[in-house]
Amino acid sequence: MSVFDHFRKEERPFVERALEMLTQVERKQAMRLTDFLDPRQMSIFQSLASQVQDVQVSASGGYEGAERVRVLLHPDYLPVEPEDYRLVLLRIVADQRFHALQHRDVMGALLHVGLKREKFGDMLVDNDGCFVVVAEEVADFVCTQVTQIHRTPVSFERLPWEEFTPPAPRFTEKMITVPSPRTDAVLGEVYHFSRAKALVPIRAGKVKVNWRVVEDPSHPLQTGDMVSLAGFGRFKVLDVTGPTRSGRLRMLVGLVD
């Protein structure tokens, strides 16, 4: 069985690149740094590490618990320092009296200036401010090119990591009841779809559970799962209880703000 048989067809180009990078590090005994990866891509690197000898897969998104990270591939004997990940923390300075900046606003502004998604990591928004983690090589570009977010003038300032306290994830909680924890049933309740309508994006590969495409509508969701639907956002399954008197399950979900 080929190593590629363990991955979905659409993941194979990434798997090929990851395996090539690991092989180069093994052969040249030198460090390689990736762009920002999502948790699924990170897990692919970790699973492929067994294909090479004496190569470590280390990762950092700038702070403990970061979702998107840069991966550093390095020989076992080479120590890794925080600055090796080349991460810059930017604080967004803006007058938010008339519009509170949202995650999607920051994302849209960064993509609008031509920045690839792989060049910036987590975007953190709370009442104390807005922050974005970017690759060092694009930090100056972001600071000079992004001057407005959602019609709000903005500027950026570099913030030392030791002065940063990550805000807690923000969720808008919603209690639903479902006949079963099937993905199509839960999507239908969260986004007010009929079961038939929920099947369409699932079959089209637009639904991810824990950053992995799920095309089986009967895939059961459980506490802790992060679910994303292209064009609609993400939600996390916070709790599953029940059944109710009618035999349905109660499910508390948190829509990601």
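Remarks
- The condition (being closer than 19 Å to K119 by Cα and out of contact with any Gly (no Cβ under 8 Å at 6 or more places or on another chain)) is satisfied by just one residue among Q29, Q41: Q41.
- Which listed residue is assigned to a helix (DSSP H, G or I) and open to solvent by less than 50 Å² (accessible area, probe 1.4 Å), from F45, F4: F45
- Test set (1) more than 22 Å from the chain's Cα centre (by Cα); (2) open to solvent by less than 50 Å² (accessible area, probe 1.4 Å); (3) within 30 Å of R91 (Cα to Cα) - V138 fails condition number: (1)
- Looking only at the stretch 79-135, and only at residues there that are of a type in the set (D, E) and loosely packed, with under 13 Cβ neighbours inside 10 Å, the one that is farthest from the chain's Cα centre (by Cα): D95
- Cross-chain or 6+ apart pairs with Cβ under 8 Å, the stretch 1-28 first and within 26 Å of D76 (Cα to Cα), then open to solvent by 50 Å² or more (accessible area, probe 1.4 Å) and outside any helix (DSSP H, G or I): M21/R32; Q24/R32; V25/M31; V25/R32; E26/Q53; E26/D54
- E26 passes every criterion in (1) acidic (D, E); (2) surrounded by 14 or more Cβ atoms within 10 Å (Cβ to Cβ); (3) closer than 15 Å to Y85 by Cβ apart from (3).
- Residues that are surrounded by fewer than 20 Cβ atoms within 10 Å (Cβ to Cβ) and part of a helix (DSSP H, G or I) within the stretch 190-203 comprise Y191, R195, A196, K197, L199, V200, P201, R203, listed in sequence order.
- Filtered by the rule that a residue be more than 16 Å from K116 (Cβ to Cβ), hydrophobic (A, V, I, L, M, F, W, C) and in contact with an Asp or Glu (Cβ under 6 Å, 6 or more places away or on another chain), the stretch 128-166 gives a lone residue, I149.
- Tallying residues that are within 24 Å of P82 (Cα to Cα), touching a strand residue (DSSP E or B) at 6+ places or on another chain (Cβ under 8 Å) and of a type in the set (D, E) within the stretch 142-197 yields 1.
- Residue count, the stretch 117-147 (criterion: touching a residue at least 12 places away in the same chain (Cβ under 8 Å), more than 28 Å from A168 (Cβ to Cβ) and not aromatic (F, W, Y)): 2
- Being part of a loop (DSSP other than H, G, I, E, B), over 27 Å from R40 (Cα atoms) and more than 18 Å from the chain's Cα centre (by Cα) is a property that R250 lacks.
- One residue stands out in the stretch 29-42 among those that are of a type in the set (A, V, I, L, M) and not in a loop (DSSP other than H, G, I, E, B): the one that is least open to solvent (accessible area, probe 1.4 Å), namely L37.
The values are calculated or read from the model by the stated rules, or taken from the named source; none is laboratory data. Keep in mind that this is a model prediction, so the values were computed, not measured. Cβ: placed from backbone, ideal geometry, glycine included. Neighbour counts: every protein chain shown. The area values use the complete protein model at the heavy-atom level, side chains included, leaving out ligands, DNA and RNA. Shrake-Rupley method; radii C 1.70, N 1.55, O 1.52, S 1.80 Å.
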